[in-house]
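The values are calculated or read from the model by the stated rules, or taken from the named source; none is laboratory data. Please read all numbers here as calculations on a predicted model, not as lab measurements. We place every Cβ from the backbone using ideal geometry, glycine too, and count neighbours over all the protein chains shown. The accessibility values were calculated without ligands, DNA or RNA, using every heavy atom of the protein model including side chains. Shrake-Rupley method; radii C 1.70, N 1.55, O 1.52, S 1.80 Å.
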Amino acid sequence: MTRVVVLGAGIVGAACARELARAGCAVTVVERGRPAAATTAHGEGNVLVSDKEPGPELELARLSRRLWPRVLAELPDAGAAEWEPKGGIVVATTEPGAAALRDLAAGQRAAGVAAAELDAADLAAAEPHLTRDVAGAVHYPEDAQVQPAGAATALLAAAAAAGARLRTGCAVLGAVTRGGRITGVRTSAGIVEGDAFVNAAGPWSGEVAARLGVRLDVLPRRGEVLVTAPQPPTVFHKVYDAGYVGAVGSGAGELQASAVVESTRAGTILLGSSRRRVGFDDRLRPGVLSVIARRALRLFPSLAGVPVMRAYGGFRPYTADHLPVIGADPDLPGLWHATGHEGAGIGLSAGTAAVLRDLMLGREPETDAEPFRVDRPAVRPAARPGGGPG
């Protein structure tokens, strides 16, 4: 039986652990803190196809969206995931933005995504509290939402039911190698041996990779969310400004913000979103929160008098080409990576786990994994002439 050690108990690590345990591997999940307590706990729970341009990430998102209902049907505690297939609505508030949104939706439809333009009457019926100052809108019925920590915990429980073990309080310190192959990881709680190791440490994946002796250019990108006090039914879909797609795709280090508004089962309304490259600086910035609030109010002016209950922020695993990293490490046999999803890790976790499982078992994945390979320039730059890392 192949012994697989998954490094990280966020939602991507949990999904990978479940798939590999169900495939017959002896799985151990190693986590330095508490399961699902870092990046996963600080996300909105998006399971989206609407924000992906045609290409490999959209194909991975479509695979994930097909898999999520099947995965949930097999979980012992699926209710904890709070699955809501409520759909999304993307709106443009300018004519140029509306033209770009229509072009994006046309490309997505050609790729198999359900995307229907809404006229003013349909939009008002779907979201009665939304501003009427809208130049264009597209409905994406496949968009969904989960409660991130609940979903990750349910996935871990399913992995445990399939025989996986969880070890917390185990910070990765280094690699144990034999014959050029990784055979164990040194942790703060001792050595954990295995036949294969999966780096699913999210924003810390680059640091974990470095401790294991390889380079992986996965960096933290900061995001913040405001949470209102519980409200009567006000927002019925995930609603966001078309500028969100551009913010996701931007590589700029300075603040990228766009309006994202959605409700939760508890009645609170989540207001996002922001993206900043600030390392692991976890301080909340009032200026950033003000930008988020102003942009949300442009979409839903009726929220002006609603109290904000709290704000939170988290780090997302960023890559320069905005694609996940899924596959074997070419420089350290036995090491695999499942990371780099930035803010899409919740939604993409189901597909990522299925792709990684198939690659590790020597099977053909349902979607092309080549664009996610570890040795691509954005993730593993070539060494500079004269030696040394690029």
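Observations on the model:
- For segment 139-223, alpha-carbon Rg relative to the globular expectation (2.2 N^0.38 Å, N residues): 1.37
- In segment 261-344, chymotrypsin sites (Phe, Trp or Tyr not before Pro) in a DSSP loop with at most 10 other beta-carbon atoms within 10 Å: none
- Cα Rg over Rh - segment 1-42, Kirkwood: 1.01
- The ellipsoid equivalent to the alpha-carbon distribution of segment 252-292 has semi-axes of 22, 11, 9 angstrom, derived from the gyration tensor eigenvalues as √(5λ) and listed largest first.
- Evaluated at q = 0.14, 0.23 Å⁻¹: base-10 log I(q)/I(0), Debye formula over Cα of segment 100-151: -0.48, -0.91
- Divided by 2.2 N^0.38 Å, where N counts the residues, the Cα radius of gyration of segment 23-151 comes to 1.27.
- Once the chain from Ala99 to Arg66 is taken as fully extended at 0.36 nm per residue, the excess over their C-alpha distance is 9.0 nm.
- Axis angle, to the nearest 10 degrees, between helix 11-22 and the longest C-alpha principal axis of the chain: 50 degrees.
- The label point for Arg298 and the one for Ala41, both projected 7 Å from the Cα toward the Cβ, are 3.3 nm apart.
- Selected from Ser302, Leu289, Thr264, residue furthest toward positive end of dipole (the chain; charges at beta carbon): Leu289
- By the Kirkwood approach, averaging reciprocal distances over each pair of separate Cα atoms, segment 318-364 gets a hydrodynamic radius of 11.2 Å.
- Ranked by the mean number of other Cβ atoms within 10 Å of their residues, highest first, the peptides 319-331, 135-147 come out as 135-147, 319-331.
- Measuring r between the beta carbons of Thr168 and Asp282 and using R0 = 22 Å, the FRET efficiency lands at 0.60.
- P(r) tail fraction, segment 67-222 - alpha-carbon pairs more than 26 Å apart, %: 56
- Taking amide H as placed 1.01 Å from N in the peptide plane, Thr93 has its amide H under 5 Å from the amide H of Ala135, Ala242, each at least 5 places away in sequence or on another chain.
- For Glu53 and Arg3, the FRET efficiency from 1/(1 + (r/R0)^6), where r spans their Cβ atoms and R0 equals 25 Å, is about 0.05.
- Relative packing of 45-55, 123-133, which averages over residues the other C-beta atoms within 10 Å, highest first: 45-55, 123-133
- Multiplying the residue separation of Leu361 and Val227 by 0.36 nm and subtracting their alpha-carbon distance yields 44.0 nm.
- Highest-fluctuation residue, Ile11, Ile346, Ile182 considered, GNM on the chain with Cα pairs under 10 Å: Ile182
- C-alpha long axis of helix 286-299 to longest principal axis of the chain, angle in °: 50
- Over segment 259-343 - Rg/Rh using Cα atoms and the Kirkwood inverse-distance radius: 1.12
- Each principal axis of the Cα cloud of the chain was evaluated for its coordinate range; sorted largest first, these ranges are 66, 52, 41 Å.
- The tail of the calculated P(r) for segment 1-72, taken as Cα-Cα distances beyond 20 Å, holds 44 percent of the pairs.
- Net lengthening on full extension, Asp321/Ser188 (0.36 nm per residue, minus Cα-Cα): 44.6 nm
- In the context of the full set of protein chains, residues of the chain present 39 Å² of accessible surface per residue (probe radius 1.4 Å, heavy atoms only).
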